[in-house]
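Below is one structure, written out as structure tokens, with a few remarks after it.
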Amino acid sequence: MNDNRLRTHLEPTVLFVDMNSFFASCEQQDNYWLRGRPIAVCVYTGARGCVIAPSIEAKLRGVKTGMRLDEAMSICPELVPVETSPDRYRAYHVKLISVFKRFSDDVLPKSIDEAVIDLTRYQLAYKSMPEVAQRIKHAIRTDVGDYLRCSIGIAPNAFLAKLASTLQKPDGLVTISPANIDEVLGKLALTDLPGIGHAMATRLQAGTINSPLELRYASPDRLKLVCKSIIGWHWHLRLNFGGEVDLAAHAYKQMQAIRSVSTGQRQSLEQMTTILRTLCLTLERRMVHQKVFCRRLQGWVRYSNGKRYEDGLTFSIPMQDGIELFDLLCSRMQRYQEAHQCGPLLNADVRQIGMGVSDFMPAESVQYTLFEDNTRKDKFRETLNAIKERFGKNSLIRATELRGESVKDLIGFGSIKDLHEW
Ligand SMILES: [Mg+2]
């Protein structure tokens with residue numbers, strides 16, 4: 001179920017649901033006073049806090065994701081800053097998914113505010129897909145929250161359904177089918193396609209593919225040549241209803257980094273923490289080199305008595321940043337220690353620390369659904385690693401690598417799949 005299909009499928013039976021201004025809408029759903037007002041959900045609400053989710057009203061006044069709060073307030077003085085409440089968003093996410101599952105067993109959460117509802121196996125059960133979409137919108141309002149809105153895209157595959165969901169906001173409902181795809185693509189630029197950033201667009205343009213329509217009608221062989229990889233073939237399939245390449249998410253390989261801990265090192269929590277951080281940064285370097293992001297992280301600690309601590313988690317926002325992986329592992333270890341009152345996991349009995357990342361996704365097709373500003377950060381990391389590869393590992397280090405401060409809010413990177421029964 002939810003497996004990629006490699007056969008032509010022309011019927012628009014795949015729905016992509018994207019909640020509009022999700023974090024802000026959850027806040028407005030729970031706090032009546034916030035409704036109709038421009039609000040900005042921020043990790044910190046100080047002047048230098050960062051806006052991670054403006055409400056629909058705030059977006060209309062020019063407030064954007066990634067802005068600093070003081071900058072946003074100068075554009076929109078009536079803006080109400082609200083601190084993030086990850087548990088609230090997770091709870092709404094779980095409720096939404098359970099509503100979607102009333103319509104199909106084939107529901108695949110893509111991120112905290114997005115899901116694919118595959119109705120391909122339900123063509124006999126539902127006469128009209130737009131009508132099902134309307135029923136889903138209605139169910140969200142009546143059974144989850146009357147202030148929650150979503151845009152739903154309908155298409156023969158998940159990619160085109162996602163594209164359709166971006167075309168009308170808020171509260172959109174757009175179908176892309178063989179009948180209208182050329183008309184739809186004709187109005188778009190390459191970078192309007194989810195997964196095509198500036199680097200990819202530049203590469204395509206260098207191969208004289210200048211628009212989504214030219215991408216659709218380029219031969220698969222030419223696309224493979226221009227993209228220098230299988231990704232070109234995937235673009236052909238997506239835009240020509242040639243199959244489904246965006247649904248499956250299985251691990252096809254793993255990268256591991258393991259370190260033995262010496263007698264001297266195991267006496268010092270700081271040194272073991274440094275080892276863990278180094279492992280994370282090693283994996284980051286390898287992922288940057290391989291041009292992939294991971295969606296699964298595993299960490300383990302082996303002790304002198306043969307026992308092991310193990311942790312594994314899957315996240316729907318692909319990750320590559322070593323410090324973010326490190327923070328994620330540390331906060332999970334902390335939570336484990338607190339929940340089980342077991343004393344520090346990194347203690348004098350540690351013999352080995354290991355980490356693995358898997359479930360890779362090509363960097364080029366990583367979609368930035370929550371933090372649009374990530375593109376710049378990823379570019380920065382790529383450059384940094386290129387320098388390190390040329391001049392040696394210690395030629396440059398980021399400030400965070402020195403401080404090891406923890407990220408306060410991990411919602412964007414938190415595991416969504418953990419929240420569901422599969
Ligand atoms: Mg959204």
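If R0 is taken as 45 Å, the Cβ-Cβ distance between Arg61 and Glu338 corresponds to a FRET efficiency of 0.65. Taking other Cβ atoms within 10 Å as a rough exposure proxy, Met355, Met361 sort from fewest to most as Met361, Met355.
Remark: the Arg308-Thr45 segment gains 90.7 nm on full extension, using 0.36 nm per residue and subtracting the alpha carbon distance. Taking a ≥ b ≥ c as the square roots of the Cα gyration tensor eigenvalues, the range 180-248 comes out rounded, since a/c falls below 1.5. The number of Lys pairs in the range 7-177 with C-alpha atoms less than 16 Å apart, excluding pairs fewer than 8 positions apart on the same chain, is 8. Quick one: check the C-alpha center-to-center distance for the range 267-311 versus the range 331-364, whole angstrom. Computed from Cα coordinates, the inter-centre distance equals 7 Å. Here the range 180-248 is treated with +1 on each Lys and Arg Cβ and -1 on each Asp and Glu Cβ, and its dipole about the Cα centre works out to around 260 debye.
To make sure I understand, if each residue's beta carbon is the centre and we count other beta carbons within 10 Å, what order do Tyr32, Tyr336 fall in, fewest to most? Each step should come with its number before you reach the end.
Details: Tyr32 9, Tyr336 13.
Going from least to most buried by this count: Tyr32, Tyr336.
Using θ = phi - 60° in the Karplus curve 6.51 cos²θ - 1.76 cosθ + 1.60, the 3J(HN,Hα) couplings for the range 272-287 round to 5, 5, 4, 4, 4, 5, 4, 4, 4, 6, 5, 5, 4, 4, 5, 5 Hz; x is entered for Gly and Pro.
By the beta-carbon count within 10 Å of each Cβ, the least crowded to most crowded order of Ile112, Ile39, fewest first, is Ile112, Ile39. Among the GluC sites (Glu not before Pro) in the range 52-116, those located in a DSSP loop and surrounded by at most 14 other Cβ atoms within 10 Å of their own Cβ are Glu78.
None of the figures in this text is laboratory data; all of them are computed from the coordinates on show. What you see is a predicted model; the values in this text were computed from it and never measured. All Cβ positions, glycine included, derive from the backbone under ideal geometry; neighbour counts span all protein chains shown.
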